[in-house]
Each structure stands twice: as structure tokens, then as C-alpha cells.
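Shown next, in C-alpha cells, is the structure this report addresses.
The values are calculated or read from the model by the stated rules, or taken from the named source; none is laboratory data. Values in this document were obtained by computation on a predicted structure and should not be read as measured data. Note that each Cβ is placed from the backbone with ideal geometry, even for glycine, and that neighbours are counted across all protein chains shown.
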Amino acid sequence: MKREITFTLNGYEVSAEVESHRVLLEVLRDTFDLKGTKPGCGQGECGACTVLVDGVNVDSCLYPAFEIEGKTVTTIEGLIREGNRLHPIQEAFVAHGGIQCGFCSPGMIMSATALLSENPAPSDDEIKQGISGNLCRCTGYVQIVESIRDAAAGMKQNAG
Amino acid sequence: MTKKFRFIGTEVPRPDAPDKAAGKAVYIHDLVRPGMLFGKIKYSEYAHARIKHIDTSKAERLPGVRAVLTGDNSPMIRYGFIKDNFVFKRDKVRQFRDEVAAVAATDPDTAAEAVDLIQVEYEELPGVFDPEEALKEGAPLIHETDPRGKPRKDNLVPVPWRFVAGDVEKAKQEAAYIAEDSFTTQLIQQSCMGTAGCIAEFDLQNNLIIHTKTQIPFLAQNDFNQALKAMGLKGKNSRVIVPTLGGSFGTGLDTHGYEFIAILLAFKTGRPVKIVLDREEEFKTLSPRQPTRSHIIQGCDKDGKLLFRDLRMILDNGAYTSWGATTPSVMMLPVSSIYRVPNVFFETRIVYTNNTYCQAMRGYGNPQAAWPLECNLDHLAEKAGIDPYEFRLMNRNIPNDITPMGLNITSCGHEECLKTVADRLGWTEKRGKGRSAENGKARGVGMASLFHVGGSGRVYRSDGSGIIMKLDDFGNVSVIAGGVEMGQGFESSLGLASAEALGVTPDKVKVITGDTATCPWDVGTHASRGAFTACNAAIMAADKARSKIFELAAEHFMPRIQFKEKLKQKKDPAYQPPGLDYERVLGPEDFDMSENVIFLKEDPDHPLLRLGLDEVLREAHYKEQGTMVVTEAFYDPCNQNLDMKTCRGNMSAAYIFGTQGAEVEVDTETGEVKVLHFAAAHDVGQVLNRQTILGQIYGGVMTGIGYALCEEYKTKQGRNLNPNFLDYKILSAPDVTFPVDVDCIETHDEEGPFGAKGVGEPGLVPTAPAIANAVYDAIGVRIRSLPITPEKVLAALKEKKE
């Protein structure tokens, strides 16, 4: 069964015809050719597919395509600023060694974005809880936490 | 002695990080080739069975299916360490992950549906799932014949490892104290976040182009060329292209069934065929870390000096032979050489079973050896009445020493690593003090050391790495390498080393890797050798480039400066040109270059006597009978292959040491082990990029803690029971509840690039024994099987009570 869905994707209103059994991850990667969101496990366990739906970080591999109707989706591509500049959170990951193989990074950064928009000055424990659904095999999480801590401090400074 | 470098040793953001942060890096999952088909594999439904009949007719008729292959319509392609594995099982299946058929279709869903439509009729055979059972008389034979067709009489894999030094039996008689234990290690999975996969395609001359996850592009090229030969395409070539890798951790050291299948499907259909494993397939069909069963006896004299070490292992080889069977060649290093032990006996028996087979995983046998070695060492120290830290210090490795295996230890930071960890943990205050459980919780500290190759490792006949350096007339440098970036920071270290050696800034350097058609030869990125060999080759190539540049400078320096001065005068008639000697004859030896600028050694700060590298290169390109600056170097260290009979040979050009220690808290009511504090001190020779070296050690430590406490690939009768991240537990961020102190000990190795040694693997080698030794300090029980689960702790505590 196919249906046309309309939603906001990285700031633009878009439409797509999708089959009933598709998930948001497939719609993003295959229909809209946005490959930044990664397929890690297909079971909502690893978080590599994390995107924001109405500001909340979700596993797009479990999110039914039909449910995206009328919602606002932000992917890693949506964080890039005008002039081809990285978002402060992305910059912080680059500056603090939060990225090694990079496969978990888009999902990790999206979860960090959700965390900092809700809690602009999180403790280290709150940071770890905020990325608890994002697995990483390379970094051991230490420099990821440092990156997010630094991003929070930088964004707070710019806001204040 | 601290060395002064411009860029080496600092924290430098990785050049590949921005693309990865932006979601722009292209992994195999993201790669699309025009006209691409999707491949899917049908696996065995039994651990051991005869294949009676395969019916592919329904699958072939499904719309969208373009090819269905089985052993009946495919050539025999053999692969693996002893070539006992082959593509598409025929006659029988020996493990659940055996590939029986495969499909190529226009979309992934159709491919999956077609696989389900393939009907295979089996006759189940009795299976054997324990190596000791498989050695018994009358056990089912996994392979009735060897790869040459000769009948086999038992399940012993013909890869015997045996090392003898001195006289262990005599030493046993002389020892004042002896400790004997049996240990086991479990199967664990590399768990790369980016699963494995490839896209295979043929050009119109029947040469293969394959984009694939690999750490060994040139050895893979050889394997694929052999496959082409078996397909009737002798003389055709393979081009191996490596996309951005989502981790590898040793999975890329093999060529795999799915790669050969993609190649066969691509040839059959005439179109690119993509096979990417989903997570369940990745768990079930990729080869995990080799499990082990060890029996160890170590002994010392009355003062605590180690006298002998006797270690015997049984390895479950699974159904086919891959790198798991060669892990003893690496185990040999710590077994023969960690701490100073004159008498050593090491023997392994490797046995076929119907379980999954294993290959390389970060550490490659060293974690499996460190487990019995370091746990038993603590046991021996206790018997001798000596504190385990003091015991280790007494027996530590020292610089400039040759070990019983013939390993030539040059730089050695073992002592400093031990002292650093003891200091970080507060050893003297904490050891033996936390046993009295308060509200059921007991605390303890423990440590363990590691010994590994750090100056590459002559695992294959070659240990070489090539570098090509190409300069353009903007002063940009392309450093083209045969090694592979898999997330470890290879490109970053190589870029920094190249910039340092050449005299340019790192932003001018671009490292290019991952294409056998354009990159120079490299045996592979394994054995923690990436930075060591490639950076050494880069230093050699940079040296050649500087010679060429300075020759060009000698020719163009003064004329170009004169031209610029004249230009200034033309623009501003009031300008007074200084009295420079434009007729002066300069030679290459007069010049130096730093941060992209060429200047005279005698007057490095002269404001006018300097030129940009780009200016000199532009003069070189644009003059008549011009020239370019492209240099190459091949670095092949002075190390040796292991003599297969004696198991001796100086395998590496340098060795690395490290110590890790943990403070743990054990809940005696639940059995849970909690890490309170972790310390890692690693002898790295010289830090290249401080940011990436810390990342490698942190990441290694967390994988090591997983090995110690929670990771286990569970099987029953050969079937994987937990092929997902819900049931296979790797550490997540909230599990890192403890501070991790990492100290990089710099011993400035003579052979290493700027003194550096490898560090890719050591982070996870001594972690498990460090934790187990801390658990012993806390509750007085030794857990001898990994992982250290609450159930095992409670059972051990119960046993101790009784």
C-alpha cells in the first residue's frame, strides 16, 4: 500500500510516495538521498540512525514512514550552517576527538543536539544519559563527552 | 629527554573529521554504482548436514531476480589460511554460516524474498561443538578430506604451534613457588558500527573493480586475482578500492565469502552487485575473536624471580581455518617474552568443530594470552608472598635485551608503565585493604601488563609500506599511501609526520589512500603497524623531496627574488631595493624549509631572502624543460619472519609495553563488578597526534572492559543465540562511570618515526586480567573464565564459603 506523505525536512516542505512498510531511515536515505543518517542495526539498538522528529531524537529505523506526516524532521545534513559551515556541536566533535571511524557520529551528534536544546548545561552524567542510545566502538565515549561538554559551554557563551 | 617538534606531539583535529561530522563521508552502505543490483546470501539451516538437493526454480522466476548461484553453477574458489574454505558449499555444510546459494536482484526486498524461495534439502549429520569432544575417537569428521583431496583421519587442524626455550621440566624441580591454573576466554565480536560489505563489478575487459571493507587492499587484490583465475579469467586484474570504513578491528584482514559471491554475481549479471551485511548477518556470519582454553604453570625462585612458564592451549577452530588458527604466532610474543623468563614451553592444539570459525580481532591473540599469563602471575606472586606490583617490577622487561624468542627489545618503558599505574591507583594505600565488605561491597586494585609488537610485524613475507609524495605548484602535498584508514587515525598521523618531515604546515598535506590502482604497495594495516611504517616511508620520501626542492631553489632562488624586487620598484618608483647579491651562486646545502617557506640556513630570518615553496615549484613547472617534484619511498623494517619450526625470529623492529590497572567494587550480594577507577600507561615511543592516540587507548580500554565483564557471543550447538545489540552487550556511554587516566610514556625509539611506536591494539590487551586481579584483591576469589559475570562471582563466593 502506498501513500503520499508531506513533512518538513531540514527546513523545507517535502512530499514523497512511500510504501506502508517503510521506515523513516529508508525514506531519508533512499527517497531523499540523504545518506548522512546511517543504518547500524535496524532494531533501534545502536542509534546510528538517530534523527530529530519535532526536536526529539528518535531511531529512524523504527519510525514508520506514514507517521512522519506533518512532522518536522532534522537530519545531520540539516545542521550545516549557511556558507557550508559546521554547527557548533559538529565543530566541537571535530576539535575534541569525538570522531574516529565516524559511523556513529551523525546519530551521536543528533542526540547531542536534542540534549543541548533541552538542557543547555548538562552534567557529564546527563550527557552520558543523553547519548545512552548511541553506541560507539571506537572512542570509548570519553572524547565524545568532552566534545559535548565543550559544545555546551561554547553555545552558552554565544547565547549569553 | 623531550624532543622539540613543530607539529608532532600536539593535539591536532583529524582531517577526515569534518566530513564525518557533516554526514558526508561515503561508507559502503552509502555507495551507489550505476545499474547496481543487490545481492543476498542463503545460509545453512544446520550445523552439520549433507546437501541433498537445491531447488532454485521459484527464486529464478521471481520478477526482479537477475541471477541465482549455487555450488552447482559456480566455479570452485578456495580461500582461507589453508584453503579449506570455498565459495558455495557443495556436498555438505559444516556450520550455520555456510553459504549455500545467493541471489542478485533489482532491489533488496526482492533479493531477500528470492533467498527465502530457494529450497534446500538436507540430511542432518551429528555435529560436534566442543574441541575436546572433537578430538575423541569416533567424533564426526568435519572435513573428510584436506584441501588437496587427501583423506583426513581426525579433526586436528594441521597448524601446530610449539615453542621451547631452556628446560621447563628442570625449572619446575628447582622452583620454590609454583602456581597452576586453567583459564578460558570467550568468543567476542568486533562489533564495528558500520557492517561489512562490498560492491563488485567488471569492466568490459573482464577486469574486476571491487569497493570493499578491507585492511589489506593489496593482499585482497591477490586473493581476488586468484578467484578470477578460478573463474577462467586468468591474467585479469582486480582493482580494490576502500571506501570510508565504519570501523574494522581486524574484520578487514580476511577476504570473505560474501566478497567472492558478489564477484561471481557481478560476472554472471554483467552489472555491479552490492552485498552489505545487516546487523544480524554481521553477528552470525562474520568471524569473531578466537576463544581459548589454557592451562598454565609458572614458577619462581624464593626471591620471586620468574624461572619458568608452561602454557598449553586448545583452540576451537570452528569449521574452517582462518586467522584464529594463527593467533598463537602472536601469543608467542608475550608467552615467551613478557617479563624475563628463561624457561618457556608453549603448545597449542587447534581443532575443527561445527562452530563458527574465527579470524583477526584487535590484539590478535594477545588478549587471550594476557588473560592466563597475568592472572596466573598474580597467583604466583601470592604464593611467593610478594605484592603483585613488586613482583612485576622485579621481573619487568628492560631495554636492550634479547628474549628467549629472539625478540630484540630496544626501547622499553615497562618499568615506567608499572610505576605510573601503581601511582595513579594509589596502589600501596589500596592493595589488600578493601576486603572487609561494607554493606556487602568490597573494593580492590589489580594490574596487568602487556607486551606487543610496536615496530610493525613480519607476519607475511613482506613487511613493507610504500609512500608517494606529490607536490603541486600551490605548495600542496599529496601523500599517497597503501595503508588503510579505518578510524584509527592513520591519515592524521601520516599527514602530521609528512608535514613535520617536509617542512610544510599540516593544512597543506592531503593523505590519499584506498586504491590499489593508484596507491603504492603496502602489505596491510595490521599489527599496529600503520603509523610506524607509513610515517617512516614518508620521512624517507620527504627527505628526497627536500633534496629536489633545494636543488630547484639553488637554481631559482636569487633570480626569483630579483624579479620580485624589480616588480616592487616598478609599482613604486620610490622603493629602494636593498643591495642583495643576485649573482651569488647557491647550492642545495644552503637551504632549509619550514612552514612552507624556503630560506637560507645562514640567515633564516632575513625578510627578503625567502620564497614560498609554491613559488619554487611554479618556477620548476613553467620553465622550459621543466621538472616536477614527485618522490617515493618503500620502508621495510629490519625484522624477521617467525621460523615455523623453532618459532623464533625478531618479528618486529620495536616492541611496546604497557600496564593497566583498575580499582573495582564488587557487590557480594549481586556479584556485580563495578570499575571505580581505571589507569592505563602505555609505552608509545613518541606521541604523534595526542588527540588520536588518547582516542585509541580510551577505545581499546572500553572494548577491553567489555571483554572482561559483559561481552559474550553465545552459541548452542553451533547456533548463535544473541545476534543483536540487545543481547550482545557492548559498553554504552552511561557504563563509563569511572575516570580513566591515560599516560603516554615516551621512550623515543631509534627506529620509530620521530621515535614513535605502534599503539592501535595495546589498549585492550591487559584490561581483563587487570580487572580480574582487582576482583581477587576485593573478594579473594579468582575468576578464571571470561567474561566475569555476576553469576560467576556469586558462584565463586559461594564455593569459597563452603
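Here are the numbers for this structure:
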| quantity | calculated |
| --- | --- |
| So residue B:224, is it modelled with pLDDT of 95 or more, more than 20 Å from the chain's Cα centre (by Cα), outside the structural domain of residue B:96 (by TED's automatic domain parsing) and more than 24 Å from residue A:103 (Cβ to Cβ) | no |
| Residues located in the range A:41-64, provided they are more than 14 Å from chain B (Cβ to nearest Cβ) and over 9 Å from the mean Cα position of the chain (by Cα) | A:53, A:54, A:55, A:56, A:63, A:64 |
| Selected residue [in contact with a strand residue (DSSP E or B) (Cβ under 8 Å, 6 or more places away or on another chain) and at positive phi] from B:446, B:440, B:454 | B:440 |
| Considering residues of the range B:262-287 that are within 14 Å of another protein chain (Cβ to nearest Cβ) and not hydrophobic (A, V, I, L, M, F, W, C) only, the residue nearest to residue B:207 (Cα to Cα) | B:274 |
| Some residue of the range B:627-636 being touching a strand residue (DSSP E or B) at 6+ places or on another chain (Cβ under 7 Å), crowded, with 20+ Cβ neighbours inside 10 Å, under 30 Å from residue B:476 (Cβ atoms) and within 14 Å of chain A (Cβ to nearest Cβ) | no |
| Count - residues of the range A:95-143 that are assigned to a loop (DSSP other than H, G, I, E, B), more than 7 Å from every other protein chain (Cβ to nearest Cβ) and surrounded by fewer than 21 Cβ atoms within 10 Å (Cβ to Cβ) | 6 |
| Selection count where residues are part of a strand (DSSP E or B) and within 14 Å of chain A (Cβ to nearest Cβ), scope the range B:230-250 | 1 |
| Selection status of residue B:409, surrounded by fewer than 18 Cβ atoms within 10 Å (Cβ to Cβ), touching a residue at least 12 places away in the same chain (Cβ under 8 Å), out of contact with any Leu (no Cβ under 8 Å at 6 or more places or on another chain) and farther than 27 Å from residue B:779 by Cβ | no |
| Leading residue by the ranking (nearest to residue B:25 (Cα to Cα)) among those in the range A:25-57 that are buried (at least 22 other Cβ atoms within 10 Å of the Cβ) and of a type in the set (Val, Ile, Thr) | A:37 |
| Condition broken by residue B:620, with the remaining ones in (1) outside the structural domain of residue B:430 (by TED's automatic domain parsing); (2) without any contact (Cβ under 8 Å) to a residue 24 or more places away in the chain; (3) in contact with a Ser or Thr (Cβ under 9 Å, 6 or more places away or on another chain) satisfied | (2) |
| Residues satisfying the stated conditions in the range B:683-709, i.e. assigned to a helix (DSSP H, G or I) and of a type in the set (A, V, I, L, M) | B:693, B:694, B:697, B:701, B:702, B:705, B:708, B:709 |
| Matching option when the condition is modelled with pLDDT of 95 or more and more than 14 Å from chain B (Cβ to nearest Cβ), among A:146, A:77, A:69, A:91 | A:69 |
| Residue B:49 being within 14 Å of another protein chain (Cβ to nearest Cβ), at pLDDT 95 or above and crowded, with 18+ Cβ neighbours inside 10 Å | no |
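To keep it simple, each residue is scored yes or no on (1) under 30 Å from the mean Cα position of the chain (by Cα); (2) under 30 Å from residue B:510 (Cα atoms); (3) in the same structural domain as residue B:259 (by TED's automatic domain parsing).
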site: B:15; (1), (2), (3): yes, yes, no
site: B:43; (1), (2), (3): yes, no, yes
site: B:47; (1), (2), (3): yes, no, yes
site: B:56; (1), (2), (3): no, no, yes
site: B:66; (1), (2), (3): no, no, yes
site: B:73; (1), (2), (3): no, no, yes
site: B:82; (1), (2), (3): yes, no, yes
site: B:88; (1), (2), (3): yes, no, yes
site: B:91; (1), (2), (3): no, no, yes
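This table checks each residue for (1) buried (at least 24 other Cβ atoms within 10 Å of the Cβ); (2) part of a strand (DSSP E or B); (3) without any contact (Cβ under 8 Å) to a residue 60 or more places away in the chain.
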position: B:195; (1), (2), (3): yes, no, no
position: B:218; (1), (2), (3): no, no, no
position: B:221; (1), (2), (3): no, no, no
position: B:228; (1), (2), (3): no, no, yes
position: B:275; (1), (2), (3): yes, yes, no
position: B:293; (1), (2), (3): no, yes, no
